[in-house]
Amino acid sequence: MDKSFSPSDVEPRWRARWEELGVGIADAATDRPSFSIALPPPNITGALHMGHALQQSVQDILARHHRMRGYEVEWCPGTDHAAIATQNVIERQLAAEGLTKEELGREAFRARVDAWYEEYGGRIFEQMRRLGFSCDWSRARFTLDPAYVRAIRVVFKELYDEGLIYRGPRIVNWCPRCRSAISDEEVEWQEHTDSLVRIRYPVEGGGDITIATVRPETMLGDTGVAVSPGDPRYAGLVGRTVVLPLTGRRIPIFEDGAVEPEFGTGALKVTPAHDPTDYDIGQRHGLPMIGVIALDGTMDVPDLPRFHGLSVNRAREEVTAALRELGAVVGEEEYVHSVGHCDRCKGVLEPLISEQWWVTMRPLAEPAIAVVESDQVRFHPRRFANVYLDWMRNIRDWCISRQLWLGHAIPVSTCANGHRFAWIEHPSACPECGSTVLTDDPDVLDTWFSSALWPFAIFGWPDDTPDLRRFYPTDVLVTAREIIFLWVSRMVMTGLRFAGARPFSDVIINSTIMAGDGSRMSKSKGNVVDPLDMIERYGADAVRAWAGAVGTAGQDMRFDENRIASYRLFANKLWNATRLLVTRLGDGERIAEAPEVDPATLHPEDRWILARVAETVTACDAAIAAYRFHEVMERLYDLTWRGYCDWYVEMIKGRLGEDADPASRAAAVWTSVTVLDTLLRLLHPFMPFITEECAVRLPGAAPTLQRREWPAPPSWWREGANGAVAGVERVIELVGALRNARQQAGLPPGFRERQQVTLRTPDDALSTGDLRRLVQALVPVEVVDELSEGTEPVRLVAGGVEAALRTGGASVDRPQLEKQLRQAEGQVARFTAQLDNPRFLEGAASEVVERTRRLLAEAFAQRDTLRRLLDKG
C-alpha cells in the first residue's frame, strides 16, 4: 500500500470498476424487495453546486445502504429542460449578437436550443459521477423525451376533459422581461425602500378620505376604497362615493375584512387589476377590473397622455407630481417593504390581469392532505408536514401557462368553428366538426407541471411497464424546503390521482447550506463554493462525509471548509490503520487470511471493541431508519478514530508481533481485521472510494462492497462483555490521567523512558495482568508492586484506579486531589439523578441506561478512592 491515501489515483479506478460491474443498474425482474428513489432532476444545462452535492450524497447513502441490505435499488436519474432558465441564456446570447428571438424565428430558435442542450446537456451527470453516485444511468430520463411528453399530454387531457383545467382572466405575477406569467411559488421577494404617499381622495357631497400607497401610479386603475368593518373613523363615509383624482372616476367606499386598520390611514385604495389582495376584494364586491399597465411593463392609459407609455417607475414619479399639483398629496415617508421579483431574470414582477390556463386544485388537494395527515407520507424533520398542510389547506388554483417559446406546448387546439379541445397526439381535424383549420394554443406549460409527474412518468406511465410495477411508488424523496409547494405537493397530488398511489412514503428535507457568515450563497456576492474545487482539494469521500454529517438536520447550516478538511484527515486515519494491518499481517498489499478464533481466547480489549462495534451498529441502524445521518457519521467517526485507531490498534500492536503468544496473536489478528472490515462496510455508503480501496486488501474481499452485506454482529459480541467493557474504559481513563500527569511533570510527549507506577483497583473488572499489560502498551511506564526510593510520586485517581507515578519531578498536590473529588461527587449526583428518573429509564435506549449505571459505579469508586487518599494526607 502507498504511504498515503491519494483520492486522485483511487477515485477514477473505482468509478470505472463500478461501471464495469454494473453497480446501480436495477433488475425489475428480480425477486428481491425493491427500494427506489427518483432523483430530483437538476437543470440539464446546470452545473453541480453544494446543494446538489449535499442532497445527492444523502440519496446515494440511502441507495448504497439498501443494496447492502439486500434490496434491488433503483435510483433513477434525470434532467429537467429548465424552460425559463434556458430561454434566458439563449436570449442573452442573441442579444450579444444584436438579435432577438423574434428576429431569429421559432424554428431557428429551437435549433439553437437543441444545440445548447447537445453541448451542455448532461454535463451535470459527469460531475455527479465525480462524487461516486451510483445512479442507474441506463434509465436516465429527460423531461423533453417523447415518452415523457406523451405522459404530460395524457394528464393534461384528462384534467381538461373533467373540467379541472380551464382558461380564463385572473390576476397573475407577470414578468415584463420574460413576458410570461410566473407562479406564486416562483416569486423571489426582495426588500425595497420606497416612498409611502398619502393621497387625499375627495368624497362626493363633501369631505375627503386619505389613502396611503407605495404605488401611486396604480391609482389610475382604482375602482373602490375599502375600510375595515366597524372602523369608527370612516363610519359616516361607508356607502358614499369618491371622485378619483386625475381620472374623475366615481368609485364606492365600502367595508372589507381584508383591510388592516393599523396600516397607513386604515383606508385602502382598491386596484383589482394590479394587486392580488385587491383582486380578491374586487371579486367579493363585484368591482370592475381596470388595467393600467401593459404586458411590457409600461403604462397603458391612452386617455391620460401625460402618463401613457411611461415605465412604471417613471409613471410613479409623474403621477405623484401631478397629484401634488392638485394639492392631493398630504404626506410622504420612507417605507421598507417586500417586492416580488422573477426568480430567473430577477426583474420586478407586475401583478396584472391576464388570460391564462388554470388547474382547479381543491379536488386534487383533498386526497393529498389526507395521506400526510394519516402518515402515509411522512416528513423528516416532522415540522415540515405542517408547512405542507398549511399551504395545501389554503391552496389556490394553479396558473400552468407560460408565455415562452421553450417548453411543453399546451396540447389544445381551436378549430375555425370555435371548438376548443385537448389532445394527446397532434390532431389533423376537429373531433367535433371535422374542420381541418386548426390553431394551436401558443403557450407552454409551467415547468413544474411536467415535473409533478416525475416519480411515475420516469417508469413508463401511462403504460403498464415492468419498471412502473416494480419501482412505483418510490420510497424516499430528498429535496429542499423551498420547493415543498412547487414540487412536493404537486407530485403527491398527481401521483394519487393518476398513478393510484402516493409517490413516496418519506420526504427528507435536506439542510440548506449558507455562506460562512450566514448569508445565502450567490454568484453576485462571490461566496459560492464549487464542490468540484472541494473534491480536488480534499477528495470526494471528504465531501460526501461532510454531506452526510450536515445534510439531514433540515435547517440552515453555515458552510465550514474545515469540516470537509477534517474528513480528509479521517480518511487518512482509516488508510493508515489499514496499512498498519496489511504491513504487519500481510505482504504489504493485502492480508491473505484472518482465521476465526474461539471467543473464549479473546482478550478484554478484543471484547471491548467488539461490544463497541455492536452497539454502534444498533445505533446506526436506528439513526438511518430515522434519516438522521448526522448521528451516524458522528458515531462512526468517534468509533473509527478514537475507539479503533487511537485505542484498540495501539493496545494490540504488541500482540501482532511474530514473537507474540500464538493464541493471543490469533485473537488480535481476527478481531482487528473483523472490526476493520465491519467499519469499512458501515462507512461505505458515506465514503465509498476509500472503503473500497481498503476493503479489497482484506481476506475474502468481494469485487465491491456493494456486494457485501450490511453488518449484523452476532449477539455474543455484546453478551457477557460488560466486565471487559468496564475494565477497558477504566484503562482508557487511567491512561489519559497518566499522560496528563507526565505532561504536567514536564516530560515531552516523545519521552519514551519508562517511569515506575503502582496501580490499585477497587474490583476485579480487569485482571492485574491485563491492567498491567494494557497500561504499559499505551503509556511509557513500568507497572510495579512497590516504587523504588526516590522523589515523592504523583498520586492520582482515574477510572476508580489509584495510581502513584514516579516522574522524577513534582507531584500532584492536595488541591488537585480535592478538585478531582469535587468532580467525582458531581458525577455521582448527576448519574444518580438520571437513574432515579422514571422518564429516563423508560425512554432511553437500554445500552444508554446500562452505560449510565456503569459510569455511576465508576464515579462511586473514584470518589471513595479520592476520599481515602485525602484522609491519608
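The values are calculated or read from the model by the stated rules, or taken from the named source; none is laboratory data. Note that the structure is a prediction, hence the values are computed from the model and not measured. Every residue, glycine among them, receives a Cβ derived from its backbone with ideal geometry; neighbour counts consider all protein chains shown. SASA here: full protein model, heavy atoms, side chains in, ligands and nucleic acids out. Shrake-Rupley method; radii C 1.70, N 1.55, O 1.52, S 1.80 Å.
Which order do the peptides 263-273, 357-367 take when ranked by the mean count of other beta-carbon atoms within 10 Å per residue, highest first? It would help to have the intermediate numbers written out before the result.
Values: 263-273: 22.5, 357-367: 17.1.
Top of the packing list down: 263-273, 357-367.
Less than 5 angstrom separates the built amide H of GLY460 from none of the residues sequence-distant by 5 or more or on a different chain. Note the angle between two axes, namely the Cα long axis of helix 50-68 and the longest principal axis of the Cα atoms of the chain, as a number of degrees from 0 to 90, rounded to the nearest 10. Tilt relative to the chain: about 60 degrees.
Do any trypsin sites (Lys or Arg not before Pro) in segment 330-391 lie in a DSSP loop with no more than 14 other beta carbon atoms within 10 Å, and if so, which? Spell out each step's value before the answer.
Details: sites: ARG344, LYS346, ARG378, ARG382, ARG383; in loops: ARG344, LYS346, ARG382.
Passing sites in segment 330-391 are LYS346, ARG382.
With respect to the chain, whose longest principal axis is taken over its alpha-carbon atoms, helix 312-326 is tilted by about 60°. Candidates ALA545, HIS337, LEU39 compared by Cα position along the dipole of the chain: farthest toward the positive end lies ALA545, with charges placed on Cβ. Between GLU709 and THR758, the contour length at 0.36 nm per residue exceeds the alpha carbon distance by 13.0 nm. Residue ranges 537-546, 37-46 sort as 537-546, 37-46 when ordered by packing (mean number of other C-beta atoms within 10 Å per residue, highest first). For the chain, a crude dipole built from +1 on the beta carbon of Lys and Arg and -1 on the beta carbon of Asp and Glu, taken about the Cα centre, is about 1300 debye to the nearest 20. About its Cα centre, segment 441-537 has a charge dipole of approximately 280 debye under the convention of +1 per Lys or Arg Cβ and -1 per Asp or Glu Cβ, with nothing else charged. Rounded to 0.05, the FRET efficiency of the GLU593 and ASP560 pair, given R0 = 41 Å and the Cβ-Cβ distance, is 0.45. Convex hull volume per residue, computed on the Cα atoms of segment 1-99, equals 182 Å³.
Could you work out how much longer the chain between LEU304 and PHE751 gets when fully extended? Use 0.36 nm per residue separation minus the Cα distance between them, nm to one decimal. If you can, show how the numbers build up before the last one.
Numbers: separation 447, 0.36 × 447 = 160.92 nm, distance 9.30 nm.
Full extension of this stretch gives 151.6 nm more.
Summary of the geometry: segment 229-268 and segment 537-568, compared by the centres of their Cα atoms, lie 56 Å apart.
Could you do me a favour and compute the accessible area per residue for segment 369-437, 1.4 Å probe, result in Å²? Walk me through the numbers before you get to the answer.
On the way: 3330 Å² over 69 residues.
Per residue, segment 369-437 has 48 Å² of solvent-accessible surface.
Taking label points 7 Å from Cα along the Cα-to-Cβ direction, ARG830 and ILE25 give a separation of 5.6 nm. Working from label points 7 Å from Cα in the Cα-to-Cβ sense, the GLU782 to ARG123 distance is 6.9 nm. Placing a label point 7 Å from the Cα of LYS346 along the Cα-to-Cβ direction, the residues of segment 77-92 with a backbone N closer than 19 Å are 84-92.
Amide H of LEU196: which non-local residues (sequence gap of 5 or more, or other chain) have their own amide H closer than 5 Å, using H built in the peptide plane? Here GLU333, GLU334, TYR335 satisfy the definition. Nearest 10 degrees, 0 to 90: what angle lies between the long axis of helix 276-285 and the longest principal axis of the chain (Cα atoms)? Once rounded, one gets 50 degrees. Between the beta carbons of VAL330 and ASP441, assuming R0 = 51 Å, the FRET efficiency works out to 0.60 to the nearest 0.05.
The share of accessible area on segment 679-764 that comes from carbon and sulfur is 45 percent, using a 1.4 angstrom probe.
Segment GLU162..ALA108, full-extension length gain: 15.8 nm, with 0.36 nm per residue of separation and the alpha-carbon distance subtracted. Model label sites at ASP517 and ARG249, defined 7 Å from Cα along the beta-carbon direction, differ in position by 4.6 nm.
Neighbours of CYS342 by Cβ distance under 14 Å: Lys/Arg scored +1, Asp/Glu scored -1, total -3.
Arrange the peptides 84-90, 11-17 so that the one whose residues have, on average, the most other Cβ atoms within 10 Å appears first. Write out the running numbers ahead of the final one.
Details: 84-90: 20.3, 11-17: 15.9.
Sorting 84-90, 11-17 by mean packing, highest first, produces 84-90, 11-17.
The GluC sites (Glu not before Pro) of segment 719-763 that meet both conditions, a loop assignment by DSSP and at most 13 other Cβ atoms within 10 Å of the site Cβ, are GLU719, GLU753. Counting only DSSP beta bridges whose two residues both lie in the chain, roughly 70 percent are antiparallel.
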